Structure formats: C-alpha cells, structure tokens
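Notes to accompany the following structure.
Please treat every number below as a calculation from the coordinates, not as lab data. These numbers come from a predicted model, not from an experiment. Ideal geometry is used to build each Cβ from the backbone, glycine not excepted, and the neighbour counts take in all protein chains shown.
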Amino acid sequence: MRVQVLTENIWSITLFCSFVTGFIIIASCVTKRRRRYFRHHRLVDDVHHLWPFDEYLIQPTLCNVCSSTLLTGFQCSSCGIYLHERCIRPARRLFHCKHMTSEQEQIQHQWTRGNLPLDSECIICRRSCGAEPRLCDYRCIWCQRIVHDSCMRALPIECDFGEYRRLIIPPNAVVSRTGNKKLVGYAHSVVERILPCGIDDWCPLLVIGNRKSGGANTDLVLNSFRTYLNSVQVIDISTISPSSILEWCNSLPDIGFYILVCGGDGTVNWILESIENTTSGIKPAVGILPMGTGNDLARILQWGYGEDSAVDVSTYLKKLMTAKVVALDRWSVDICANARHFGVATASARHMRMSNYFSVGCDALVTLNFHRRRDKIPEFFASRFVNKLHYFHYGTVDTFLKECKDLQNNVILEMDGRIVENLPALEGICILNIPSWGAGVRVWGAGENIPVQQIDDGFVEVFGIYSSFHIAQMQVGLADPFRIGQARRVKLTLKRRFPCQCDGEPFEEGPCVVDIEHFSQARMLMNIDIK
Ligand SMILES: *[C@@H]1O[C@H](CO)[C@@H](O)[C@H](O)[C@H]1NC(C)=O
Ligand SMILES: [Zn+2]
Ligand SMILES: [Zn+2]
Ligand SMILES: [Zn+2]
Ligand SMILES: [Zn+2]
C-alpha cells in the first residue's frame, strides 16, 4: 500500500519535473529569440530600418558588406542595402543610411552599390545597368537615378530628388528638437518643424498607416514608401498621435501638404478629424490607399477598393502627383440621450463626425453583429475575403430576426425642421453623404426624378430600408431604396434602443435625439489617373 503510494508519487514527481524542464526550455528559446529580435531592432533604430526576408527574391542578390550571395537576411527599407545577419555590425561602420535631417545646404547624391532592378538603365549612356553577377553600378537613394561606375563622373554632384521631388521632404528641411544631425529610425517625436524648401509646386507628402489595425501588410506598404521618401514622411500612428504630426503642417501654413492614409475608412476619418482639430493654415489634402473592408470613400475618390496584392509604390506616387483636390462635406453627429436612472434624469452626449453615412436599424445591426463576432473570434476574421462572407452571412440571418421591426413607429424623422409623416413600414433609415454605401453599392442612383447626389453640395440624402432582404436586393441592384429626400440638417428622435452606425462604426443607442448637421469641408485627393 505504502509502496504503491510512493511509486505513484514518484511518477507524478517525475512527470511534474519533466513538465517544468520542458517549460523552461521553451521559455528560454522564446526569450532568446526575442532578445535577438530586439538586438536587431535596437541597431535598426540607430542606423538602418532592417527587415528580415526569406527566399522570395526573384533575382540573385548580393550582400552589400561581404559581396557574397544572399538567400535569407535583412534589407534596409530606407536605403535598400541587403545584408547577412552576421554582416549587420560591420554595416554600421560602412554605410550611411538615408538621414532624416541634414544641415548641409546642398544635398548630394547618396549612392548604394549593386542589387539594381532587372531592367535598369544608366541615365548617362542609356545602356543597361547592373547586369553583371557582382556588386556593380549605383543607385541614388534619394532620386533613384541609376548610373554605371564609369559614367558617374558625368553627373552633377548635387541631387535634385528626381521624379518625385514634389512629394519629398529634403533632409535639410527637417528641424529636430535635439539638434541631432544624424536622426534616423522612428524618431518622429523629435521632429520640431519643417522648413520651406525651393522645390517648385512642392506638396510634401505624409504617408500614414496604423500597424495595430493593419498588421504585416501595413508594414510592407510603409516600408516600400520609405525607399522613395524621407523616412520622416512615413508614419505609423500606432506609435505617435496624428495631431503631433499635423503640427508640422502648421509650421508651414502656406504649403498644401498631401497626406496618404493607408487604411480603412475608420483611419481616414480619424485623420480628417485630427486635421479639423489641429490645422490652422491650408488643410492638407488627403488621399487613400485602401486597406479596410468597406472602403466606400476610397471607391468614390477612385483609389480602388483595397486589392490584396502588393502595392506598386512608384505608381501611387505618380497618381498622387496628378491627383485632383476635391471638397468633401463633413457632418457632425450629436447624440443626446435623456435617460432616467432610479428616477433621476441624466443627460449624456456623444459627438462624432461623419463623412460616409449614418444609419439606424437593420443595416447597422448587420455591422454590429459582425463586429461582435469578430471581437469574440478574431482569428476567423483575419482575411478580407472571409470578412465579406461573414457580412453576407449575417445579412441573411437577420432576414429572419425582425429586430428592427416597426422602426417608423419608434422614430421621428425631421428634415430641415419638418417632420416626415406617413413613413411606410421600415426597418432602417440611412443618411448618406457619398454615393457608395455598404462596400460599393451605388444605392441612391440617378435618373430623371432623382435629385443629383454630390459630395460637396451641403446636402445629405435620406432613404429608408424595408428589411434586410431589401438590403440584399439593393446590393445586387434589384431594388431601389425608399428615397425620402435631401436635407441640410437631419434630426432623428429614437423612442427606444436601436442599433446605429456611423461610417461603419457600430453601436447601440436610445432613447435619444440624433442631430446631423453640416460641419465643414475636407480637402480630398481624387485619383484621375485610372488605368
Ligand atoms: C477633436 O476635438 C474634439 C473636441 O475637443 C475631441 O473630442 C476629439 O477627440 C478630437 N478628435 C481627435 C481625433 O483628435
Ligand atoms: Zn554579408
Ligand atoms: Zn539603410
Ligand atoms: Zn540623387
Ligand atoms: Zn552608363
């Protein structure tokens, strides 16, 4: 009996010990990897923005330090040099990366050697470049010009920043708080202001993305922009607030900055609101590189609907330079709730801005359910394709759940001070600012008796939705909305709780009064170079 207990104990002790050892081994491996990761990233902050890559290079690549072939290793997203892991340390001595700031009056070409694109051509002799299987010929990391070793002497020393100069902030136009001349890395917070510079038609570009919401794809896109621009211009707003970046625009009130938002409509709205809060001079004009699910605003400004494939940054820069500045109405949405808690009346208010659409009822319910499931099981919602399937799924499920039934009896709709009477049986009301709704549906339509919809006329379009099934029909163009009309101001009194959404951001609200009023106009960039 005793013996048996003892053996059992021994067994469980052995088991326990092996568990502990296993755990320690795993933990030490993990921390080792992390330490390695951080070691690199500390280096990265000092000198280069290094990004690991694996064997996906389509052409033979050589290490810029030891000149031998590279299969895996690191690339600097800013100056473009390639390195073995073991060659990172010597690279610090051998190479200067692109500097964010400089005190030189004239910026000279800054050359990197070899690893040129396959179809490179020398700008002096127009013959092909970089074709030999060794590190040869040069590319300037600012103007992207490519020359033969032997042709370099024929080139002026001074760099004019090349084809995209109108969008580039030269390093000698950046003033840092610390006076550090060799600012590199993610040092946006120490940038104090931007100085005027002599480039004609200068519209300095700020590329803004949010790594927290966009993930690896955002990293990739931001890195590609670092290759072409000063890395001070490429900003991850999960690390620094948009308003501190926009202070730079205030330091040059007469210069029309361009901002490219890499993200969904939510990020665009955040930036537009920050601009409205912070900017004192000319408002920056905002373009979009769509990366969200709906991208309605990106669609109507012709920036596409969010392709999953790799983004060709040089094409985007060209499109930005030819883009047209257009005005976009922005609306304030004030929600005032008068509630009674234990007999005490309390008032709460919510203030939002809207540039796409605000809706109450079944359309918002679809979004609300979708977001709730996504928060519960985020891994199923990682890809945009799956997201679309789920949207569809929740749309159809809601056809059977009449949660928003009799909306017309629980809502008072007031347009420009007049109450709209005799609404038919509705399950949703939508207030629309732009022609694209629910990820690309041109819902309002056009025709003889339909008032024209414009994004800068100071009017919203108001329509009703009969049911979720009606949404599905409108999505495939089989039904018209129940058009109620246009207005400069819309007031909705909700007598009970309803799902609502503002620009794809869902919430529940009620009873309350929703007041939608024209707030201002944003300057947006519309792509006119559609190929
Ligand atoms: C803009 O200002 C309002 C009012 O001060 C504030 O509530 C809101 O959070 C600000 N928005 C942004 C994006 O900074
Ligand atoms: Zn090497
Ligand atoms: Zn570098
Ligand atoms: Zn150059
Ligand atoms: Zn040449």
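Some notes on this structure:
- Estimated inter-spin distance, Ser314 and His351, nm [label 7 Å along Cα→Cβ]: 4.7
- Using θ = phi - 60° and Karplus 6.51 cos²θ - 1.76 cosθ + 1.60, couplings along the range 436-448 (whole Hz; Gly, Pro as x): 9, 9, x, 6, x, 7, 8, 6, 5, x, 9, x, 4
- Near Gly485, the amide H atoms lying under 5 Å from its own belong to Val462; only residues 5 or more places off or on other chains count, and H is placed 1.01 Å from N.
- Measuring max minus min along each principal axis, the C-alpha atoms of the range 290-335 give extents of 42, 25, 13 Å (largest first).
- Note, ³J(HN,Hα) from phi for the range 118-126, Karplus 6.51, -1.76, 1.60, rounded to Hz, x at Gly and Pro: 4, 9, 5, 9, 6, 6, 8, 9, 6
- Cα centroid separation, the range 232-268 to the range 109-174 (Å): 29
- Span from the the range 432-462 Cα centroid across to the the range 58-107 one, whole angstrom: 51
- Pairs from Lys212/Lys324; Lys405/Lys491; Lys212/Lys319; Lys283/Lys319 whose Cα-Cα separation, in the structure shown, is over 22 Å: Lys212/Lys324; Lys212/Lys319
- Packing rank of 240-251, 84-95, where each peptide gets the mean count of other beta carbons within 10 Å, highest leading: 240-251, 84-95
- Set of aspartates and glutamates near Lys495 by C-alpha distance (under 12 Å), chain-local residues within fewer than 8 positions excluded: Asp406, Glu509
- Peptide ranges 217-223, 165-171 listed from the most packed, as the mean C-beta count within 10 angstrom indicates: 165-171, 217-223
- For Arg193, residues with placed amide H under 5 Å, excluding near neighbours: Val175
- Rounded to the nearest whole Hz, the Karplus-based 3J(HN,Hα) values (6.51 cos²θ - 1.76 cosθ + 1.60, θ = phi - 60°) of the range 194-209 follow the sequence 10, 8, x, 9, x, 6, 5, 6, 5, 10, x, 9, 10, 9, 10, x, with x at glycine and proline.
- Among 98-106, 150-158, 254-262, the peptide with the highest mean count of other Cβ atoms within 10 Å heads the list, and the full ranking is 254-262, 98-106, 150-158.
- A straight chain from Val441 to Ile157 at 0.36 nm per residue would run longer than the Cα-Cα distance by 96.9 nm.
- Taking one quarter of the surface of the convex hull spanned by the alpha-carbon atoms of the range 137-277 gives a direction-averaged projected area of 9.6 nm².
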